[in-house]
Amino acid sequence: MGRFIITESDKQNILGMYGLINEQTKDVPITGEQPVNNTDWDLVHGILGSKRIDDDLEKRVGDALQNGNYRVSGVKISSFKQGDKIITTGNVTLTNPTQGQKPHKYFTTRGSIGGSYEQRHDTQVSGLSDRLKNYYKGEVEVFGPFTVQVKGTNVFYKQSFFAIEGGGSSGTPNTNQAGGTKSKTISHNGNPNTLREELKKMGELYNPQIKTSPNEVTIYYRESGPKPLKLSYIFSDSGELDKVYEKVSLSNSIFNKKEYNVGNVKGYIIFIE
């Protein structure tokens, strides 16, 4: 008779169903640095979660949740000036679910820094918990908002974190999922208006994901899913991108955004419900 083999993750899930796991904790830390001179303030808190950074706290926690059986139980963040650097630290504590709890599988954050930071943060997170719940088909736990002074400076930022239980939708394109995956590549040739118009033409898409390069954007999407989103592109060549985003978000329900610059023009690809 052959042996029945289960993975460590399967074992933990089975034990968790019967309340047999002794609670274990796992810390997911990160530290980011910016120079005091010519500080990129967006990246001061961007280390917590930013499309401009390949390795941030949002990604580290998300990877840990996808590969383990955990719930987010605590978030700590701080920023301070030290010598010729601005340092930001973040730490997320993960624990095993107790009996009857579902594990968290997704983790995201929203925040704003500098002028009108509170208003801009509040605009970003307004209704976001419900949108995440509807999209991922899982309950959402919010940590924050945290209002943080960069100690040694007069700069503040406000940050919120969202942990979502596993449900129906995955954040990664997967050709094995129902409906399959399609893709379309848009070559904009350095023209932000071309990108915006071509994205709008695509209409409603299920679980859209994007991959970018300097001259083109590839969109992956499914033929079916729990809730469709629309894509568009907003930009500013006068250094007022945050003002543009704030104005657009007042009249649209924005689910997510990804920073993407066309040449020297700064912009965001936005996902609209």
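Among (1) of a type in the set (S, T, Y); (2) surrounded by fewer than 16 Cβ atoms within 10 Å (Cβ to Cβ); (3) assigned to a strand (DSSP E or B), where does S224 come up short?
Condition not satisfied by S224: (3).
Six or more apart or on different chains, Cβ under 7 Å: which pairs go from a residue in segment 234-247 that's free of Cβ contacts under 8 Å to residues at least 12 places away in the same chain to one that's surrounded by 13 or more Cβ atoms within 10 Å (Cβ to Cβ) and in a strand (DSSP E or B)? Could you list them?
Sorted first by the residue in segment 234-247, then by its partner, the pairs are V244/I234; V244/S236.
Any chance you could count how many residues in segment 84-100 are in contact (Cβ under 8 Å) with a residue 40 or more places away in the chain and outside any strand (DSSP E or B)?
5
Pull out all pairs, ordered by first then second residue, where Cβ-Cβ is under 7 Å, the residues are six or more apart or on different chains, the first lies in segment 135-153 and is polar (S, T, N, Q), and the second is part of a strand (DSSP E or B).
Every condition considered, the pairs that remain are T147/F156; T147/K158; Q149/F156; T153/K81.
Mind listing just one residue for me: the one in segment 235-251 that is surrounded by 14 or more Cβ atoms within 10 Å (Cβ to Cβ) and of a type outside the set (V, I, T) and, of those, farthest from V265 (Cα to Cα)?
My answer is S249.
List every residue pair whose Cβ atoms lie under 8 Å apart, where the two residues are 6 or more positions apart in sequence or sit on different chains, the first residue falls within segment 202-228 and is touching a residue at least 60 places away in the same chain (Cβ under 8 Å), and the second residue, located anywhere, is assigned to a strand (DSSP E or B).
Close Cβ pairs (under 8 Å, with a partner that is assigned to a strand (DSSP E or B)) amount to P208/I219; P208/Y220; P208/Y221; P208/L229; P208/L231; P208/F271; P226/Y206; K227/Y206.
Can you find, within segment 25-55, the residue that is surrounded by the fewest Cβ atoms within 10 Å (Cβ to Cβ) among those that are touching a Ser or Thr at 6+ places or on another chain (Cβ under 7 Å) and assigned to a loop (DSSP other than H, G, I, E, B)?
My answer is G49.
Every number here is computed from the coordinates shown, using simple stated rules; none is lab data. The structure presented is a predicted model; accordingly, all values stated were derived computationally and were not measured. Quick reminder, even Gly has a Cβ in these numbers, built from the backbone with ideal geometry, and neighbours come from all protein chains shown.
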